[in-house]
Amino acid sequence: MSAPRLEIDLKKIHHNARTLVERLAVHGISVTGITKATLGSPEVAKTLLEAGVSTLGDSRIKNIERMRNAGVSAPITLIRSPMLSQIEQVVIRADISFNTELDVINALSSAAQKMGRTHGIVLMVELGDLREGIMPEDVESIVRKTLELPHIEFKGIGTNLACRSGVSPDAKNMGELSALADSVDKTFNLTMDIISGGNSGNLEWALNGDMSGAGIGRINNLRLGESILLALDPLNREPIDGLHTDAITLIAEVIESKVKPSQPWGDIAQTAFGTPSPITDQGDISQVMLALGEQDTDPEGLTPPPDIEILGASSDHLILNTGDNRPSIGDEIELQLNYSALVRAMTSPFVDRVIT
């Protein structure tokens, strides 16, 4: 089998998704399964749907097109604000899109009208992480203008935290979103379908509750990707109890195995990727090189097997200290991934994907 490759276990992904769907259902929260880290894999999408997610979500229209072309007919949300250059594709392929700009919503309305379609809109609200979002004081004005547009169905509001700036979901910001939902519904005599509280970073808040006793309020949907695929909590990268952390594994092949000094020699300048990290002198070590590098994944997001240490990486090589072991040329080593490593490995044309 070729290497490097990602081995994707659909049974473990199904288990992770089903477990989280069931845990959140107790709190009245549905799950949108996010497929972007798998490049809109139809196999993964169908597995998520079989596990009980209510809808799918992706940030790239090409990924949504891939799923549609493979026969995925379930509702799909474009979870990044549409580009004006892709408005027609968005209306054709996505049922709903997340939005923050009236110019974009107007364009979606015009395109939907020409095609005789109706497109759903969720307005994203800025609650502190400083990624996308309408400022809370401007939301009602944008809702009013959105409701006036033909062939647009206003579906609800949402927010995103724990992403750009690492702001954690908590009773205060989730309470603010719930209060805003109440205000919008009252002002416009609505009952919004979707109050999307955020991503996998919301799990601790949603499942463990807040100590103030405020509960989850109006939040009725979360968008889960990392927690399903990797079983990690994005707030601390700790494993989520009861889930498989090895649903996706990166396999790389040994292309050099030698005993070498642990310390470089000669005048030290910058490496291919900047300033080198300090190196501890360990004497001679069993140094192994894998055919995997910065061009394929994020080396800092990889976890090797026990007793193996990642020493560094270049564009095309990952260098390991294998301790008392001396792998042979052609041997394969399994590596676990964090979200950054997964996204880059999945995107690399040099990393194969094997789905089981």
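The values are calculated or read from the model by the stated rules, or taken from the named source; none is laboratory data. Source: prediction; values computed, not measured. Heads up, the Cβs are rebuilt from the backbone with ideal geometry, glycines too, and the neighbour counts pull from every protein chain shown.
Within region 331-340, not a single residue is farther than 17 Å from residue 255 by Cα and more than 25 Å from the chain's Cα centre (by Cα). Scanning region 65-92 for residues that are under 18 Å from residue 38 (Cα atoms), in contact with a helix residue (DSSP H, G or I) (Cβ under 8 Å, 6 or more places away or on another chain) and assigned to a helix (DSSP H, G or I) returns 65, 66, 67, 68.
Residue under question is residue 114, and the condition is that it be assigned by TED's automatic domain parsing to the domain that holds residue 148, among the charged types (D, E, K, R), over 20 Å from the mean Cα position of the chain (by Cα) and at pLDDT 95 or above; does it hold? Here the answer is yes, as residue 114 does meet what is asked.
The helices (runs of 4 or more DSSP H) located wholly in region 118-229 that include 3 or more residues which are modelled with pLDDT of 95 or more and surrounded by fewer than 17 Cβ atoms within 10 Å (Cβ to Cβ) occupy 139-147, 171-188.
Got at least one residue in region 169-176 being within 27 Å of the chain's Cα centre (by Cα), of a type outside the set (A, V, I, L, M, F, W, C) and under 26 Å from residue 40 (Cα atoms)? Scanning region 169-176 turns up no residue that is within 27 Å of the chain's Cα centre (by Cα), of a type outside the set (A, V, I, L, M, F, W, C) and under 26 Å from residue 40 (Cα atoms).
Answer yes or no as to whether residue 250 is among the aliphatic types (A, V, I, L, M), surrounded by 22 or more Cβ atoms within 10 Å (Cβ to Cβ), part of a loop (DSSP other than H, G, I, E, B) and within 19 Å of the chain's Cα centre (by Cα). Spelling it out, it is not the case that residue 250 is among the aliphatic types (A, V, I, L, M), surrounded by 22 or more Cβ atoms within 10 Å (Cβ to Cβ), part of a loop (DSSP other than H, G, I, E, B) and within 19 Å of the chain's Cα centre (by Cα).
The residue of region 1-39 that is modelled with the lowest pLDDT, among those that are surrounded by fewer than 18 Cβ atoms within 10 Å (Cβ to Cβ) and of a type in the set (Ser, Thr, Tyr), is 2.
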